[in-house]
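Just so it is clear, none of the values below were taken in a lab; they were calculated from the coordinates. Just so it is clear, the structure is predicted and the values come from calculations on it, not from any experiment. Positions of Cβ are backbone-derived with ideal geometry, glycine not excepted, and every protein chain shown enters the neighbour counts.
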Ligand SMILES: Nc1ncnc2c1ncn2[C@@H]1O[C@H](COP(=O)(O)OP(=O)(O)O)[C@@H](O)[C@H]1O
Ligand SMILES: O=c1ccn([C@@H]2O[C@H](COP(=O)(O)OP(=O)(O)O)[C@@H](O)[C@H]2O)c(=O)[nH]1
Ligand SMILES: [Mg+2]
C-alpha cells in the first residue's frame, strides 16, 4: 500500500514545518530530495551539467494532473512535460509513429515505452530548466523500467492524485478539448489500464518512500494547497542545503 499523506492538507505556515509534516507523512527525504543520484551511461542529461530534479505526476484520467502541473509551473518554475501532450504532438506532426500512437490512444492502451521515453528524453535535453514535472508517465512497470534504463535515474519524488472514479469520469466527459479518447468507451478502458497497470507502479514508489499521495477531490485551489507544501519543502531544502 502507498503511504498516506493526508496530513499534507493540514500543512500550513513555514517551510520548516512543511518539512516536518512531510517527514511524518513518511517521505524519505534523503532519497527524495537528494541530487546525489545516478546518471545515465551517456552522462548527465541536463544541459546545465546538473542532474535534473524530476517529479513524476500520476493519477487516473481526469484526476487533475495537468491542472495541478500548470499551478506548480506558475508558482515554482518547473517545466511541465505531459507524456500525453508529447504523444499528441507526434500525431499532429504526422511523424512515422503518428498513426500507431493515434490508434493506441483511441483504444486507451499504452504506447510502446521506447517511443514515449525518447520523447521525454529529447524534451529534457532541449530544455534550459533543471526541474521537471513528468505528467502521466510511467503508466506501467515496463514504462518505468525503460525510463530508468534510458534516462539512467529514478525520479526524485512522485505525486499521486487520488480521486474517486465517478469524479474522474465526470471531469473527463466535460473536458471539451476534442480529444479522441474522452468518450465513455475509451474512458472505461483507460480506467482499467490505470487500475491494472498504473497502480502497481504507484505502489512501487510508495514502497521506496518516494510517493506523495494527494487527495484529488475539492476545488483546484484546495488541491493546490495540498500540493504547495511539497514544493515549498523542496525549495527550502534546495536553498539551505544547496541540493537541486
Ligand atoms: N478540482 C477540480 N474540480 C473540477 N474540475 C477539475 C478539477 N481539476 C481539474 N478539473 C477539470 O477536469 C478535467 C480534467 O483535468 P486534467 O487536469 O486535464 O486531468 P488529467 O490530466 O489528470 O487527466 C479538466 O477539464 C479540468 O479543467
Ligand atoms: O506515457 C504515456 C502517456 C500517455 N499515453 C497515452 O495517451 C493517452 C492520454 O494520456 P494523458 O496523460 O494525456 O491523459 P490524462 O490521464 O491526462 O487524461 C493515454 O490514455 C495513453 O493512451 C501513453 O501511452 N503513454
Ligand atoms: Mg492530462
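Structure notes:
- Per residue, the convex hull spanned by the Cα atoms of region 91-244 measures out at 142 cubic angstrom.
- Highest-first arrangement of 230-238, 58-66, 108-116, where packing means the average Cβ count within 10 Å: 58-66, 230-238, 108-116
- Segments 204-217, 183-196 sorted - mean Cβ within 10 Å per residue, highest first: 204-217, 183-196
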